[in-house]
Structures are given as C-alpha cells and as structure tokens.
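> Structure in structure tokens, see below.
Just so you know, all these numbers are worked out from the coordinates, no wet-lab data involved. Just so it is clear, the model here is predicted, and its values are computed rather than measured. Backbone-built Cβ (ideal geometry, glycine too); neighbour counts: all protein chains shown.
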Amino acid sequence: MSLTTILMTIISTTLVYSAPLIFTALGGTFSERSGVINVGLEGMMIVGAFCSTIFTLNLAPRLGILAAWLALLIGGICGCLFSLLHAVATINLRADHIISGAVLNMIAPAVCVFLTRIFYNGKGQTPVINQGLGTSTINGLKQIPILGKILFTQTSIIAWIAIIIAVICWYVLYRTAFVLHLRSVGENPAAADTLGINVDYYRYWGVLLSGFLGGLGGAVMAQSITLNFSVSTISGQGFMALAAMIFGKWDPIGSMAAAVFFGLAQSLPIIGAYIPGLSHINSVWFQVAPYLITVIVLAIFFGRSVGPAADGKNYIKSK
C-alpha cells in the first residue's frame, strides 16, 4: 500500500470519529464560557442520537439522503430542549452544576432506551439506518496536487463542516459583542450585572448552545458511525468531548484540535492495520487507548488549564 493511500485512510478515518467530538466540545466551550459547567454533554449527545435516528428511520423512505441531513438539525434541536433542564436547575434553582449534569447523563440513556423498546417491540436498539452520512469525495478539491487526494478523497464532509464551524465559533467568541457579554458573565457576573448585562439571559444562551451542539454531535455519531441507536451508541463520547474542551483550554480552535486528536485515538482499531509496526498489536489495546488517553490528558492538563473565573459558581443578584 502506498504512502498516499495510508495517509488518506488515516486522515479519513480520523475525521469520521472526530466530527461528533468537535461539535460537542464546541458546545461545552459556550456553556462554560458563560459560567455553567456542563458535564451533561454525554446525555445531550444521547438525546440527539436517539431523536435523529428515529427521524431518519421514519422519513428516509420518502426523503432519501436528505433525511439524514435534516436529522442532524433535529438532533441539535432535541439536545437544545433537553439542555433546558440543566439551565433551569443551575441558573434558576442554583443547583450544583456537576450534580445537575450527572443527573442528565443518567436520565438520557434510561428514557431513550425505554422509548426505543416501546417503539420497536421490546428491542433495545433501533433498526440500521440505510441513508447514513458516510464518506464521500469532494471532486473540486480532490484535484489539488498531493493534498487533494489525501484530504478530500473518501472523506467526511460533516467533519470538514465541523472544522469550519469551529473557526466561525472562534471568531464569534472573540470578535462579537454578544459573545463578549457571554464571556463576561463567565468571568465576573457581578461586574457584568452592574454594567446592565443580564447574567441569566446570557447563561441560558450558553447552555442552550451547548445543548444544540451536543445534540448535533450525537446525531452525527448516529448518522455516520453507529448507524443506529442503542445504549452503547455514545458510550463516553460526551466525556471525551469534555476532555477535549479542557485540553483545548476552553477555546474553539484548541477544542477542535484536541477533538481531532481524540478522534485519531478512537480510529486506531481501524487504521492500526494499515500502519507499519502497529498491525501486529492486539486490537484490544487500540480499543482501550481512547479512554486511557482521555484519563491521562485530564490528569496532566486539568490542573494547568484555567477555565473562566466564575465557571460553576451560581450568581445570586442580591449579593
């Protein structure tokens, strides 16, 4: 196998596994920049995966591949609605952010698997999606010398969209007044309040954006990787996205790069067979690697990465 083919396989597989993590890590960035810790990203991904799968299975016979793309939007909307529980609990009821997020992570799989059993005669998983978002070749960009074949042949279009959105999020986060206000309530809500900035309003936006992007990430996972929904569809992806956000220092570009790194780790069971020197290693080690790398990264960088000053702190206006 030629070097070009090996690189094409590695990059293509890495991008496929990176896309859900990029969207979800970006969502976590917005929430925590507003001052609300969101460990419920896993639950939001589960809800997004479930709703998008049900949508695709029901409408794919009529809409074809368009159903899979619309399902991404449906997953994002459902994740956004689910995140309202976290917003109300942390912003209005001033609940502990970690506990609230953990509760979401317990509620989501229980409810979604229960509904799956109701919809599909007691089965714990949905049928396979026939109209998924697999890999495809971008014809115009494929013609670029050398890099065209490596980057844009049998690649994940949704992953490239995720990378573009990460760049847009960076611009929005640092160059627009709206998100500058959002960042201010995550750094010093009391000072922001004295300037007339509605702290609760911007924190709600942060959580809802995280829910939308987290649900979108779950939908991408279901539509492009697992191609169905079951209790194991997400299986820790939300926590990996959370680690990517911390590793990326709560920055959209940094979170995106970290998500690509974790995507590479997850793709090792597939690409290991194509990399000289790795093909003889037991595949079990490759399957364990993503989770082990996540723990190591958190252990090394969690203490060194400094998040927003008011992250996780409830704001009480009377004080």
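> Go through Gly263, Gly206, Ala177 and say which Cα lies farthest out towards the positive end of the charge dipole of the chain; charges sit on Cβ, +1 for Lys and Arg, -1 for Asp and Glu.
Of the options given, the answer is Ala177.
> Whole Å is fine, so just give me how far the alpha carbon centre of region 94-111 lies from that of region 191-270.
Answer, in whole Å: 16.
> Further question on the same structure: Quick test of your reading: applying the under-4.7 Å Cβ rule, which cysteines of the chain are isolated?
Cys80, Cys112, Cys169
> Please enumerate, by chain and number, the aspartates and glutamates with C-alpha under 18 Å from the C-alpha of Lys313, excluding those fewer than 8 residues away in the same chain.
Correct list for Lys313: Glu32, Asp96, Glu187, Asp193, Asp200.
> Next up: Mean residue ellipticity at 222 nm from the helices of the chain, using -39,500 (n - 2.57) per DSSP H segment of n ≥ 4 over the full residue count, to the nearest 500 deg cm²/dmol? Spell out each step's value before the answer.
Details: 14 runs with 218 residues, N = 319.
Calculated at 222 nm, the ellipticity per residue is -22500 deg cm²/dmol.
> Now for a different question. Could you order peptides 20-27, 54-61 by the average number of other Cβ atoms within 10 Å of their residues, highest first?
20-27, 54-61
> Still on this model: Please determine, in degrees from 0 to 90 and to the nearest 10, the orientation of helix 157-175 with respect to the longest principal axis defined by the Cα atoms of the chain, where the helix direction is its Cα long axis.
Its long axis makes an angle of about 30 degrees.
> Mind checking the dipole of region 3-302: about its Cα centre, +1 per Lys or Arg Cβ, -1 per Asp or Glu Cβ, Debye to the nearest 20?
For this selection, approximately 520 debye.
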